[in-house]
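A short reminder: the numbers here are calculations on the coordinates, not readings from a lab. Computed from a predicted structure; not experimentally measured. Cβ atoms come from the backbone with ideal geometry, glycine included; neighbour counts cover every protein chain shown.
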Amino acid sequence: MVLEFKQPELSDRNWVSEIMRASGELACEICFGNLYMWSSVYENTIANYKGLYLARDGGENPAYLFPCGEGDKKGALGELLRCADADGVPLTLYCLTPRHVRELDAMMPDQFTYIPMREYFDYIYNSTDLIDLAGRKYHGKRNHITYFKNTFSWSYEPIDMHNMADCLAMNDEWERKNQEKNPEEIGHELIAIQRGFDHYFELGFQGGLLRADGKVVAYTFGEALNDTVFCTHVEKAYADVRGAYPVINREFAANALSAYKYINREEDTGSEGLRRAKESYYPTLLLPKYRAVYKG
């Protein structure tokens with residue numbers, strides 16, 4: 001069969017999600033909603049190869065998602081090799097977990113170089129840890145939460161059609177306050193978040209917001225990867241509102257995510273500040289990811 005990559009459409013969510021949920025994968029890149037949000041920024045395209053979910057990012061040297069699902073992965077890799085050859089570059093695969101590395105090396109021994117991508121390792125937590133915040137290691141988080149709840153008249157709300165505009169207004173203000181730190185990255189993120197909110201319900205997103213004295217000071221949303229894992233794609237809070245980040249984190253987990261065993265809070269993108277913040281919640285698993293580059 002001829003492999004054809006196309007722009008993701010909302011109608012693709014059903015077949016991608018069916019494969020995604022059955023795969024048992026833990027990585028956030030597998031999520032259709034996440035890919036759809038960012039596809040206009042990174043020119044992501046997708047393909048279905050005999051029931052396997054494939055994705056490709058744009059740019060001069062495109063990389064391909066390791067085939068997701070059950071099926072003829074060796075055949076799919078052969079097609080991807082032909083695609084890369086047509087592009088005139090070595091085949092590069094992204095989002096390989098250790099299981100994928102073993103799988104690929106068994107199918108094509110010593111034909112790829114594997115590069116660990118620390119900035120893309122996923123931080124995965126037990127949902128009960130983020131809800132209970134029990135023990136001495138979370139003492140600081142509990143102090144910030146107590147300060148917030150004692151200082152403000154506060155409320156938590158699930159995101160719905162009635163309060164989504166408040167989230168967008170808060171996001172716009174957050175972007176203005178932080179844009180000078182990294183204008184290009186912030187601009188790209190604004191495009192992706194707007195796209196996420198534009199199709200929030202069609203993408204099956206779930207989220208919550210936090211108010212302090214009536215004003216939205218934080219919001220978050222994501223999607224289920226499967227019945228066991230929820231992926232949090234976006235979390236925003238005003239840094240100058242003490243406790244806003246730990247409160248939205250805890251309240252969303254407690255009110256919406258207790259049915260999931262794990263919460264994937266995605267990668268740190270190499271940011272030292274973000275890395276410290278995610279490590280401070282003590283992930284139960286730091287999921288390694290590799291790039292594989294074909295040697296041929």
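About the centre of its Cα atoms, the range 31-81 shows a dipole size close to 160 debye [charges on the beta carbon of Lys, Arg (+1) and Asp, Glu (-1) only; nearest 20 debye].
Applying a 10 Å radius around every beta-carbon, put 238-250, 126-138, 51-63 in order of their mean neighbour count, most first.
Packing order, densest peptide first, comes out as 238-250, 51-63, 126-138.
How would Lys236, Lys295 line up from fewest to most surrounding beta-carbon atoms within 10 angstrom?
Neighbour counts put them in this order, fewest first: Lys295, Lys236.
A cut-off under 15 angstrom between Cβ atoms defines the neighbours of Pro109, and their net charge, with Lys, Arg +1 and Asp, Glu -1, is +1. Placing +1 on each Lys and Arg Cβ and -1 on each Asp and Glu Cβ, with no other charges, gives the chain a dipole about its Cα centre of roughly 1080 debye. Each peptide in 77-85, 112-120 was scored by the mean count of other Cβ atoms within 10 Å over its residues; highest first, the order is 77-85, 112-120.
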